[in-house]
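Below: one structure, written as structure tokens.
Only the coordinates and a few stated rules stand behind these numbers; no lab work does. Since we're looking at a predicted model, the values are computed, not measured. Cβ: placed from backbone, ideal geometry, glycine included. Neighbour counts: every protein chain shown.
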Amino acid sequence: MAKEPMKIEVLFFGMVKEITGGASTTVEMEEGSTVEALFERFAGEFPALRPMSKSLVLAVNQRFVARTGELKDGDEVAFMPPVSGGTGEWRQVIEDDEGHFFAITADRIDAQELAARLVEGRDGAVVTFDGVVRNNSKGRETLYLEYEAYEPMAVEVMARVGREVASAHGISRIGIIHRVGRLEIGESSIVVVVTSPHRKAAFEACADAMDRVKKLVPVWKKEHFADGETWVEGAWDASVTG
């Protein structure tokens, strides 16, 4: 008797969403199909995906995977192009027992409030990185930016990066908030706050966190200009692409 096909939920982000014409779809695959087979299915339907093959990363159930891995019925697979490099309700949030804080929001980010949430009496340094939207890019006047994220995975990866950085540098706490949606000139797209007994560790941890976030967290940026718009293509960290 023939086996029932697997149902796979597929999510598309950034420029991939525009190529496929939608943010998600459900497909049926034969039992034992690999991640690569799923990619080939969509590359056959949307040839513009094929030149992106080496830079495109696929995640299964919010985890980076090798394309040789087998899919299971009910899996959620995300097609993710290279990442780009005021408080309200959080879209996604993780606050752990160590006091670290990670969130995705569509609202303005209040860096001072994040610092106040993290700092403790033992701390002698608070270092903040506040990434703001500038009014130009490669000689073109920028009107505004638009950020999109694979939100559940993005906050999980930020949390993993933050905890690794905290452990490596011996700091007290770290907080990372990334904004999504439309951002105007001068607004914060990402804020990283590090608290530590000593300033050297705080500075180094903050820089390390930003370097990792830009290459590991699934967030994409579209730049809007007076004469057009474009997705910003960055690069995945080598640990992701293998």
With a point put 7 Å past each Cα toward its Cβ, work out how far Arg140 is from Ile185 in nm, to one decimal. 1.6 nm
Can you tally the lysine pairs in the range 92-241 where the Cα-Cα distance is under 22 Å and the two residues are eight or more apart, or on different chains? 6
Taking Lys54 as the anchor, which aspartates and glutamates have their alpha carbon closer than 16 Å to its alpha carbon, excluding any fewer than eight residues away along the same chain? Glu36, Glu40, Glu233, Asp237
Can you work out ³J(HN,Hα) from phi for every residue in the range 36-46, in order, using Karplus 6.51 cos²θ - 1.76 cosθ + 1.60 and θ = phi - 60°, giving whole Hz and x for Gly and Pro? 4, 4, 5, 4, 4, 4, 7, 5, x, 7, 10
Go through Thr195, Leu216, Thr68 and say which Cα lies farthest out towards the positive end of the charge dipole of the chain; charges sit on Cβ, +1 for Lys and Arg, -1 for Asp and Glu. Thr195
List the lysines whose alpha-carbon lies under 25 Å from that of Lys7, not counting same-chain residues fewer than 8 positions away? Lys17, Lys72
Rg/Rh for the chain to two decimals, with Rh computed the Kirkwood way over all alpha-carbon pairs. 1.01
Using helices alone, what [θ] at 222 nm do you get for the chain, with -39,500 (n - 2.57) per DSSP H run of 4 or more residues, divided over all residues and rounded to the nearest 500? -8500 deg cm²/dmol
Scalar couplings 3J(HN,Hα) for the range 133-140 by Karplus 6.51 cos²θ - 1.76 cosθ + 1.60 (θ = phi - 60°), nearest whole Hz, x for Gly and Pro, are 6, 9, 8, 8, 8, 6, x, 10
Which of Val83, Ser55, Met29 sits farthest toward the positive end of the charge dipole of the range 1-119, with +1 on the Cβ of Lys and Arg and -1 on the Cβ of Asp and Glu? Ser55
Between the range 150-181 and the range 96-128, the alpha-carbon center distance in angstrom: 11 Å
Stokes-Einstein D for the range 1-138, Kirkwood Rh over Cα pairs, 4 °C, 1.567 mPa s (µm²/s): 70 µm²/s
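Where the eigenvalues come from the Cα gyration tensor of the range 6-80, what are the semi-axes √(5λ) of the equivalent ellipsoid, largest first, in whole Å?
On the way: eigenvalues 62, 32, 28 Å².
They are 18, 13, 12 Å, listed from largest to smallest.
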Based on the mean of other Cβ atoms within 10 Å per residue, sort peptides 161-168, 229-236 so the most packed one is first. 161-168, 229-236
Computed ³J(HN,Hα) along the range 15-28: with the Karplus parameters 6.51/-1.76/1.60, θ = phi - 60°, integer Hz and x for glycine or proline, the list is 5, 5, 4, 6, 5, 7, x, x, 8, 7, 7, 10, 10, 9
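Relative to the Cα centre, what is the charge dipole magnitude of the range 6-80, using +1 at the beta carbon of each Lys and Arg, -1 at the beta carbon of each Asp and Glu, and rounding to the nearest 20 debye?
360 debye
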